[in-house]
1. Against the longest principal axis of the chain, how steep is helix 162-174, in degrees 0 to 90 to the nearest 10, with axes from Cα atoms?
2. For the chain, with the dipole built from +1 on Lys and Arg beta-carbon atoms and -1 on Asp and Glu ones, taken about the Cα centre, which of G239, A220, L135 lies farthest toward the positive end?
3. Step by step: find N for the stretch 151-275, compute 2.2 N^0.38 Å, then divide the Cα radius of gyration by it. What's the final number?
4. What are the equivalent ellipsoid semi-axes of the chain, built from the alpha-carbon gyration tensor (square roots of five times its eigenvalues), in whole angstrom, biggest first?
5. Label points 7 Å out from Cα along the Cβ direction at R199 and A137: separation in nm?
6. Please give the peptides 84-95, 107-118 ranked by average Cβ packing (other Cβ atoms within 10 Å per residue), highest first, as a rough proxy for protection.
7. Considering the Cα trace of the stretch 182-252, what is its radius of gyration and what is Dmax, both in angstroms?
8. Would you work out what percent of the accessible area of the stretch 2-273, with all protein chains in place, is carbon or sulfur (probe 1.4 Å)?
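The values are calculated or read from the model by the stated rules, or taken from the named source; none is laboratory data. No experiment lies behind these values; they were computed from the predicted model shown. Here Cβ is always computed from backbone atoms with ideal geometry, including for glycine, and neighbour counts include all displayed protein chains. Surface accessibility is based on the protein's heavy atoms, side chains included, excluding ligands, DNA and RNA. Shrake-Rupley method; radii C 1.70, N 1.55, O 1.52, S 1.80 Å.
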Amino acid sequence: MTYQAIHQAKAAIAGATGRDEHRVAIVLGSGLSSYPGGLSGAVEVPYSEIPGFPVPKVEGHSGSLFSAEVDGVAVMVLAGRVHAYEGWDLTDVVLTVRTAVASGCSTIALTNAAGGLGADMAPGDLVLISDHLNLAARTPLMGPNDDRLGPRFPDMSDVYSKTLRDLARQAGEEVGIALTEGVYAWFLGPSYESPAEVRMAKVMGADLVGMSTVPEAIAARHMGAEVLGISLVTNMAAGISPTPLSHEEVTTSADEARDRFTSLIDALLPRLLAR
Ligand code: 8IG
């Protein structure tokens, strides 16, 4: 049962980190998981040592929780996530984020690598998610609702907090990174979209396409946390650029963006923790 699983995982994290509470959680997307290397004094807890946590199998997702203190406030970094396309139930996909919220994280920053289709987007861009389209025809809230976690019909009118987006933009300005905004469309994957699907997403108002983040954002909002979403555009969506998509293009773009991503998060964290 989810509620019990969340609280067992929470207890294991408190035991392993020596911290009963964390205030902010950051989920790292593919290619971005080197971030905790620069967090001083971080305690690493492999997901395999946290009961119920799903252990990622995809390359570039290491599967560890890092706990650190920044300005005297505890932050949890979730390096590695699992995806529905791997065959995981959405209950498992969102257990990490639900546990973070139950552990005191009232702010959840979700990061990902994504395909871009906005008119002025280019690989390497960091984009704030302003809203989403759930095109996967499923949600982590399917099934009976546990009222201890949140309401049956949670509001989704401000999933990606305007306040947090403003803070992120300020952090970006401080370190010279311009952040645009865009709507993220969740496709199930693991195949990339066909060009017709990308045209469809564009007509529907999408600027980004990806295979993660949306279920986590829904679960975090269900539990009342505030959500920030940041996409790294690693490739243009299918049919927009003349070259076929490859996982290699994705990892190369992520490598090139690593330093910018790190400096953005470093500038952002104190702002998130000060709230
Ligand atoms: I990285 O072009 C990355 N993830 N659905 N489409 C989808 N997911 C992605 C893409 C993409 N690039």
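1. Long axis of 162-174 versus the principal axis of the chain: about 80 degrees.
2. Among G239, A220, L135, the one farthest towards the positive end of the dipole of the chain is A220.
3. 1.16
4. On the way: eigenvalues 147, 92, 62 Å².
Each semi-axis is √(5λ); the values are 27, 21, 18 Å.
5. If labels sit at R199 and A137, their model points lie 2.1 nm apart.
6. On the way: 84-95: 18.5, 107-118: 25.6.
The densest-packed peptide leads the list: 107-118, 84-95.
7. 13.3, 42
8. Percent of accessible area from carbon and sulfur atoms in the stretch 2-273: 51.
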